[in-house]
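Written out below as C-alpha cells is the structure these notes cover.
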Amino acid sequence: MAIQKELIQALAQSDVFAEMLENRMKGFWNPDYFEKIVLPQLTLKAGDKVLDVGAGNGALTLLLARYFPDVHFTGIDITPALVEDGKKIAQKLDVQNVEFEVGDALQLPYADRSFDATVCQTVLMHVYDPAKAVSEMSRVLKQGGTFMAAEYHMLTYDKPVESIGHTYSMEEEIAIGRYMQYYLNGYRASGHGDLKIGARVPFFAMNAGLDIVDVRINDRVPHAFPPYEHPSDRNSLNELQTWSKAVKDASFRALFTATIAEGGGTEADATAFLSLHPSHGAEVFNDKGDFAFVWLLYPVLLITIARKK
Ligand SMILES: C[S@@+](CC[C@H](N)C(=O)[O-])C[C@H]1O[C@@H](n2cnc3c(N)ncnc32)[C@H](O)[C@@H]1O
C-alpha cells in the first residue's frame, strides 16, 4: 500500500496527467447537457462561494468559473503540482474568480457551513475513504447548499468501435474481463479507490445528511470521424491522443502494473491488457488520419445532486 501511494503521487505529478486533465475543460461534458441539466441544479447566484474538491488543475473549477463570473470558486487538491498548474491555467485564461489551494478532501481546512455549493469530478473514486470525503463536503455546506458529484461507475471496460474494423475475439473479450477484474480488485485492495463508486455516492450523501435531488448519467459519448471538423470530434481525438501518451508513460505503466498485481494478476497480464488498449496502435491517432471511433466508456459517469437540509 505504501508503494502504491508513491506510484499514485508520481502519476499525479506527471506532465501527461496534467495534460489529460487540462483537456477535460473542453470535452468532458457536452455543453448543452452541462448548461441545461447540470448548471440549473447548482442554483448558484451572484456572491455565492463554491468549493471544488480534488480540483486537479481546475477542469471543473475553471469551467464553472467561466459560466458564473459573479461567483467565487475555490479548488482544493492534495497534489501541489496540479494546484500550481491550475493557478497558471487560470492566469492564462484570465479567469479572476478562482483560487487554488493544497489540501485533503478527507480533512477539509474550512469551517462548517462556509460554502453555497461543493462539487467534485472523478475524485471520490480515488480516495481511500469516499464516505468521509462526502461527509466533509456536506459539513462545509451551508443549509440549503448544493452538493454535486460526478463519479465513474465502470460497468465494463468497453473499447471504441473502430473504423479499422477490428473486433475482439471471444478469447480477447474473456481476457479483457479478467484483466478488468484484476484492475478493479487492485484498485480497492491498494486503497487507490473504487472504479465502481458512482452508484454508491447517493448513499454516502444520504448518510451525510443530504437530501438527494437527482441522480443522472452524463450523456457524452466520445467519438471522432474524419475530417474531424466538429469540436466534438477534435475533443474526442485529443482525449484518445492523451491516453495514447499515458499508456506509454513510465509513471502510468508502473501504477497500472502494480494495481493489476495487487488485484491478483501478473506483469504479463498488465502488458497484455495495455496492448489491447485502443490508443495502443499510435499512428492512427494523428489528426490527418482516417481513424474513426465511438467510445462507450463514458456514459457511466454518474452525477449525484443533493441539498443540505
Ligand atoms: C482524476 S483527477 C480529477 C481532477 C479534477 N477533478 C478533474 O476533473 O479534472 C483526481 C484528483 O483527485 C486528487 N486527490 C486524490 N486524493 C485526494 C485527497 N485525499 N484530497 C484532495 N484531492 C485528492 C488528485 O490529486 C487528482 O487531482
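Nothing in this text is a laboratory measurement; each read-out follows from the coordinates by a stated rule. Bear in mind the structure is a predicted one, so any value in this text is a computation, not a measurement. Quick reminder, even Gly has a Cβ in these numbers, built from the backbone with ideal geometry, and neighbours come from all protein chains shown.
Laid out as a table, the results:
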| quantity | calculated |
| --- | --- |
| Simple label model, 7 Å out from Cα along Cβ direction - Leu276 to Lys132, nm | 3.5 nm |
| Candidates per trypsin sites (Lys or Arg not before Pro) in segment 1-92, loop by DSSP, up to 15 other Cβ within 10 Å | Lys45 |
| Acute angle (nearest 10 degrees) that the helix 130-139 long axis makes with the longest principal axis of the chain, alpha-carbon atoms | 20 degrees |
| Lys, Arg +1 and Asp, Glu -1 on Cβ, resulting dipole of the chain about Cα centre, debye, nearest 20 | 840 debye |
| Lys/Arg +1, Asp/Glu -1 at C-beta; segment 5-308 dipole; positive extreme among Met25, Thr242, Tyr67 | Tyr67 |
| Listed residue (Ala261, Ala189, Val98) projecting farthest to the positive dipole end of the chain, Cβ model | Val98 |
| Ascending count of other beta-carbon atoms within 10 Å, so fewest first, for Asp85, Asp48, Asp214, Asp70 | Asp70, Asp214, Asp48, Asp85 |
| Net dipole in debye of segment 104-215 [+1 Lys, Arg Cβ; -1 Asp, Glu Cβ; about Cα centre; nearest 20] | 320 debye |
| Two-site FRET efficiency, Lys5 against Lys45, from Cβ-Cβ distance with R₀ of 51 Å, rounded to 0.05 | 0.80 |
| Label zone at Val294, where the point sits 7 Å out along the Cα-to-Cβ direction: segment 232-251 residues whose backbone N lies under 17 Å | 232-234, 236-237 |
| FRET efficiency, 1/(1 + (r/R0)^6) with R0 45 Å, evaluated for Arg178 and Gln143 via beta carbons | 0.40 |
| Lys/Arg +1, Asp/Glu -1 at C-beta; the chain dipole; positive extreme among Val50, Phe225, Met154 | Val50 |
| Segment Lys309-Ser169, length gained on full extension (0.36 nm per residue, minus Cα span) | 45.3 nm |
| Most to least packed among 117-128, 168-179 [average Cβ atoms within 10 Å] | 117-128, 168-179 |
| Set Lys36/Lys248; Lys92/Lys309; Lys5/Lys45; Lys36/Lys196; Lys92/Lys196 screened for pairs whose C-alpha atoms are more than 32 Å apart | Lys36/Lys248; Lys92/Lys309; Lys5/Lys45; Lys92/Lys196 |
| Proximal aspartates and glutamates relative to Lys308, as straight alpha-carbon distance under 13 Å, when same-chain residues fewer than 8 apart are discounted | Asp112, Asp116, Glu136, Asp211 |
| At most 10 other Cβ within 10 Å, DSSP loop - GluC sites (Glu not before Pro), segment 73-108 | none |
| Whole-Å distance, taken between Cα centres, linking segment 95-162 and segment 10-57 | 11 Å |
| Sorted by Cβ density within 10 Å, fewest first, the residues Asp233, Asp15, Asp104 | Asp15, Asp104, Asp233 |
| At q = 0.09, 0.15 Å⁻¹, base-10 log of I(q)/I(0) for the chain (Debye sum, equal scatterers on each alpha carbon) | -0.45, -1.29 |
| Cβ-based exposure ranking for Leu274, Leu296, in which fewest neighbours within 10 Å come first | Leu296, Leu274 |
